[in-house]
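Student: Quick one: the structure is below, and I'll ask about it shortly.
The values are calculated or read from the model by the stated rules, or taken from the named source; none is laboratory data. Because the structure is predicted, anything quoted here is derived from the model rather than measured. Every residue, glycine among them, receives a Cβ derived from its backbone with ideal geometry; neighbour counts consider all protein chains shown.
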């Protein structure tokens, strides 16, 4: 999987299913939110039904979502776009916008709305890349075949932005559309870089040994939030390097970090020793929402938490006894979209949900 994204690897098992809309009445047969979750979330709606769906991110006008899906006749993650709502209130119908070849990850809209961004392995091979070797434990693959591409929202006019050997993925865009931030192996380690929207002007922002990735700009473009694991002991360093040579990484201990957009003033926000990932800024620029299994370290029971950018005021948002992750706020902060195992028809099925955000 892409390090940031492919939820199938996060859950250790793929559930098959079809990305088909069910009647709207199905969405109302059960409550989608637990009582404790209604402190901040209201009027939740389920947007996908079946398979593995993750990393749903809003367009700048908050009218569309881009996300990845696998399941049924879709062997490994491909990129789809769907509207947030429909005129008659029925579930939205996603449309494929990637090539249908290889594996994709990390879809994102350009703020202008006229292009999308995602990473894909289709140039390395049209087939799905192999699953990781779990004899090493719970690991994520770092596929060297990933490169970053842009296209029109219908998938046409595909353009390649990266061509250096090794992993290039986890790309998102600043709100002004000028800078892309991404994770790359181009210098031998997993670090964060920025580049201009056309792929020029690449600049490295992190250099400490270990994984730095999953970056997002704040709404004003002045800061970047990301997740990181920096091995410290000789044993940790040796294991990290050995796995990386095999194209693998262990995701068991990620902490949330913040830095200025030029790579300066790096500071660690969480210190819980768990798997913290998928951080995203609240539009106010003062808070960060993220996913973590800190409640049950080592488990796949991830929940959403929100925390101040200085590390204070942490609050738990979801309480479902399984997987909740990949949160993103709408531009006005009034809605939250995320991926969850709740209300699935099959074990470990992961779908996209949206709810009103209540302060």
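Student: Here is a check on your reading of the model: is residue 148 surrounded by 19 or more Cβ atoms within 10 Å (Cβ to Cβ) and closer than 13 Å to residue 119 by Cβ?
Tutor: yes
Student: Another question about this same structure. Taking the options 77, 27, name whichever one is touching a strand residue (DSSP E or B) at 6+ places or on another chain (Cβ under 6 Å), at pLDDT below 95 and over 21 Å from residue 197 (Cα atoms).
Tutor: Exactly one of 77, 27 is touching a strand residue (DSSP E or B) at 6+ places or on another chain (Cβ under 6 Å), at pLDDT below 95 and over 21 Å from residue 197 (Cα atoms), namely 27.
Student: Would you call residue 228 within 24 Å of residue 108 (Cα to Cα), assigned to a loop (DSSP other than H, G, I, E, B) and touching a residue at least 24 places away in the same chain (Cβ under 8 Å)?
Tutor: Taking the combined requirement at face value, the residue does not satisfy it.
Student: In contact (Cβ under 8 Å) with a residue 12 or more places away in the chain, crowded, with 23+ Cβ neighbours inside 10 Å and farther than 21 Å from residue 152 by Cα - does that describe any residue in the range 55-74?
Tutor: Scanning the range 55-74, I find at least one residue that is in contact (Cβ under 8 Å) with a residue 12 or more places away in the chain, crowded, with 23+ Cβ neighbours inside 10 Å and farther than 21 Å from residue 152 by Cα, so the answer is yes.
Student: For the range 83-112, which positions are outside any loop (DSSP other than H, G, I, E, B) and under 17 Å from the mean Cα position of the chain (by Cα)?
Tutor: 104, 105, 106, 107, 108, 109 - these are the residues of the range 83-112 that are outside any loop (DSSP other than H, G, I, E, B) and under 17 Å from the mean Cα position of the chain (by Cα).
Student: Within the range 124-142, is even one residue closer than 15 Å to residue 58 by Cα, in contact with a strand residue (DSSP E or B) (Cβ under 7 Å, 6 or more places away or on another chain) and not in a strand (DSSP E or B)?
Tutor: Scanning the range 124-142, I find no residue that is closer than 15 Å to residue 58 by Cα, in contact with a strand residue (DSSP E or B) (Cβ under 7 Å, 6 or more places away or on another chain) and not in a strand (DSSP E or B), so the answer is no.
Student: I would also like to ask the following. I'm told residue 118 meets every condition in (1) assigned to a helix (DSSP H, G or I); (2) modelled with pLDDT of 95 or more; (3) farther than 23 Å from residue 282 by Cβ except one. Can you identify the failing condition by its number?
Tutor: All conditions pass for residue 118, except number (1).
Student: Now for a separate question. Kindly state which strands (runs of 3 or more DSSP E) lie completely within the range 153-205 and contain at least 1 residues that are touching a residue at least 60 places away in the same chain (Cβ under 8 Å) and within 19 Å of residue 243 (Cβ to Cβ).
Tutor: 168-173, 179-184
Student: Tell me which residues, restricted to the range 234-277, are touching a helix residue (DSSP H, G or I) at 6+ places or on another chain (Cβ under 8 Å), in a loop (DSSP other than H, G, I, E, B) and either within 29 Å of residue 310 (Cα to Cα) or free of Cβ contacts under 8 Å to residues at least 40 places away in the same chain (or both).
Tutor: 250, 251
Student: Read through the list (1) modelled with pLDDT under 95; (2) closer than 24 Å to residue 57 by Cβ, then give the number of the only condition that residue 249 fails.
Tutor: (1)
Student: Which condition breaks for residue 341 when tested against (1) touching a helix residue (DSSP H, G or I) at 6+ places or on another chain (Cβ under 6 Å); (2) within 21 Å of residue 77 (Cβ to Cβ)?
Tutor: Status for residue 341: all satisfied but (1).
Student: From 235, 208, which residue is over 23 Å from residue 172 (Cα atoms) and loosely packed, with under 13 Cβ neighbours inside 10 Å?
Tutor: One residue alone meets the criteria, 235.
Student: Consider the range 299-358. How many of its residues are part of a strand (DSSP E or B) and under 23 Å from residue 105 (Cβ atoms)?
Tutor: So the count comes out to 18.
Student: Considering only the range 245-271, state which residues are out of contact with any strand residue (DSSP E or B) (no Cβ under 7 Å at 6 or more places or on another chain) and surrounded by fewer than 18 Cβ atoms within 10 Å (Cβ to Cβ).
Tutor: Matches in the range 245-271: 245, 246, 262, 263, 264.
Student: Spot the failing condition for residue 295; the list is (1) at pLDDT 95 or above; (2) assigned to a loop (DSSP other than H, G, I, E, B); (3) over 26 Å from residue 58 (Cα atoms), and only one is missed.
Tutor: (1)
Student: Report yes if some residue within the range 337-348 is exposed (fewer than 15 other Cβ atoms within 10 Å of the Cβ) and at positive phi; otherwise report no.
Tutor: The answer is no; no qualifying residue exists.
Student: How many of the residues in the range 206-225 are closer than 13 Å to residue 185 by Cα and assigned to a strand (DSSP E or B)?
Tutor: 3
Student: Working carefully through the options 356, 296, find the one that is surrounded by fewer than 23 Cβ atoms within 10 Å (Cβ to Cβ), touching a strand residue (DSSP E or B) at 6+ places or on another chain (Cβ under 7 Å) and farther than 22 Å from residue 69 by Cα. First the steps, then the outcome.
Tutor: Numbers: 296 fails: touching a strand residue (DSSP E or B) at 6+ places or on another chain (Cβ under 7 Å).
It is 356.
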